[in-house]
Amino acid sequence: MSTTTLGALLYGFFEHDLKTQKGVRAATIKSYRDALRLFLLFVARERKVQLSTLHPEDLTAVRVRQFLTFLEQERHNQVHSRNQRLAALKTFFNFLATQAPEHFVEAEAVMGIPVKRSPPPATVFLVREEMQGLFTVLPTTGPLALRDRALLLFLYNTGARAQEVADLRQGHLELDRRRVRLHGKGDKWRLCPLWEETVRLLELLMQPRTDAAADSAVFISQRGQALTRFGIYKIVRRHTRGLDKRGQDGRPVSISPHVLRHSAAVGLLEAGVDVNVIRAWLGHVSLETTNRYAEITIAMKAAAMQACEPSTGTPAVEAGFPTRRRWRDDAALLEWLQSL
């Protein structure tokens, strides 16, 4: 049996490896925390023991595979979520092998678990007319009207991710130069231009806080706290309930900050902006990701062309081819994980 306790390994993984050594962002740490928490609870349930009594030997590749099945069949997680959990577990098992070499074989087996493939989800977006309609009906009075309007316009203008907006600080704004610095994935920064109306709304929003520090959040709650990613989702959802779309499977898709990100990308393409510029604008690592939007606009053009195709009366012609801490109880360990 390993001489290193599971609690000590978890502490070293989150506090030393992820935070200190790798400088992983808070959002990623929370995602890993949730994955490990679910996995540990699952293993404890399967072994019919208290979570605090688990040992590193209890964490096996077989358990990981069972856990992935549990996520899909009992928690009804989508493939994307399942793969995210697997990625977190692989990172932890890799750390486990470096700290306790006796677990190397088991860790290697976990590394060999393949990512599950699935068709990419349909890219849902709002066209320009829908966005204009949204801003027409947004509230113009009330304590949060200005903040919400500025937030929605900022999301549409920049195509920023919800987490990037949650991390936005006053020192990142360069309103005199009509641009903003966004802190994106991979700890990368990018500059994004701002529309005149976006600048105007942000200036109005900042007026009561002219003496605020540069590291003060741009978008705050009624209590003066920085909006979280989930808070931003709730605001977008509240103002877009009547704009829900339907996915390829016919099920309704809620409008989210990421839908506004898609909308910004499609709008840029329709305006003739080069795909490489859009890639830099959105902070995409891979050009393949940006090319999805190009395919969308081509499909839109094809649909428009088909709609205006004249009837020539030509008869149909048949085609010639087919178209180190001690954890004394469950609560202590779970409470620490939750605090990350």
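The numbers here are math on the coordinates, done by the rules we state, and not lab data. Owing to the predicted nature of the structure, the values given are computational and were not obtained by experimental measurement. Glycine gets a Cβ as well: all are built from the backbone with ideal geometry, and neighbour counts include every protein chain shown.
Tabulated values for the structure
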{"item": "Sites Thr228 and Ala280, calculated FRET efficiency, Cβ-Cβ separation with R0 30 Å, nearest 0.05", "result": "0.65"}
{"item": "For peptides 95-106, 158-169, sequence by mean Cβ density within 10 Å, most packed first", "result": "158-169, 95-106"}
{"item": "For Ile220, distant residues with modelled amide H under 5 Å away", "result": "Leu227"}
{"item": "Cα-based convex hull, segment 141-182, per residue volume (Å³, whole number)", "result": "85"}
{"item": "Length gained when the stretch Phe135-Ala213 is fully extended (0.36 nm per residue, less Cα-Cα span)", "result": "25.1 nm"}
{"item": "Residue order, fewest to most beta carbons within 10 Å, for Tyr156, Tyr11", "result": "Tyr11, Tyr156"}
{"item": "Whole-angstrom Cα spans of segment 6-117 along principal axes, big to small", "result": "36, 30, 25"}
